[in-house]
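The values are calculated or read from the model by the stated rules, or taken from the named source; none is laboratory data. As the structure is a computational prediction, the values presented were derived from the model and not from experiment. Heads up, the Cβs are rebuilt from the backbone with ideal geometry, glycines too, and the neighbour counts pull from every protein chain shown. Just so you know, the surface numbers come from the protein's heavy atoms only, side chains and all, with ligands and any DNA or RNA stripped out. Shrake-Rupley method; radii C 1.70, N 1.55, O 1.52, S 1.80 Å.
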Amino acid sequence: MYRVSVLAEILTETTVAKDNLAQLKKSVDEEWRSWGTMSNENDIIQHFSSNQGNQNLFLCLLWKMILETEDISPIAYKVLERIGARQLTAHLRSFCDFLVHEFSKSGGGGHVHKCIEAMNSMIWKYNIITLDRLVLCMALRNHEGNEAQVCFFIIQLLLLKPQDFRNRSESYIYKF
């Protein structure tokens, strides 16, 4: 019982405000258009790694890039390096909110599968984020009602559907 109250206290003290989902979607779409129109590498790195207007959307852009092109630009790694680990946490929070919004609006079926594949590519293929940080961030976000169900549905799909996690778990278990 004591552990639960300590965790509840920590969560109430450190709760970070959730982005306005409609504004978040609009901002991601605007930044996506910016990514497509910019050609100078230095301008791209400066624009997407600066903390201008407190827009922490780069992980959203990478996910969208993988979703649409099934690849990421080498410049993306330079931007990630410049963002740094501490600021990447803020990007991850925005990304989790964005994912819940996208999954809530999707019609299901093939699109959901493609979205999960893009997330798995970010985790396993491109090593942009780690599964544990993503799951933890999603589980600790303050969602209510349908959004909470969508959030845990995403976690379930990340852990149960793809072979990547299962294969790595089995290889880890068999080492011992």
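Can you say whether Ile173 is more than 17 Å from Met65 (Cα to Cα), open to solvent by 100 Å² or more (accessible area, probe 1.4 Å) and part of a helix (DSSP H, G or I), as far as the supplied structure shows?
In short, yes.
Out of the helices (runs of 4 or more DSSP H) lying entirely within the range 36-142, which hold 3 or more residues that are free of Cβ contacts under 8 Å to residues at least 12 places away in the same chain and of a type in the set (D, E, K, R)?
Here the list reads 74-105.
Could you go through the range 86-107 and let me know if any residue there is open to solvent by 20 Å² or more (accessible area, probe 1.4 Å) and closer than 17 Å to Trp35 by Cβ.
no
Of all residues being over 15 Å from the mean Cα position of the chain (by Cα) and at pLDDT 90 or above in the range 14-26, which is most open to solvent (accessible area, probe 1.4 Å)? Just the residue, please.
The residue in question is Lys26.
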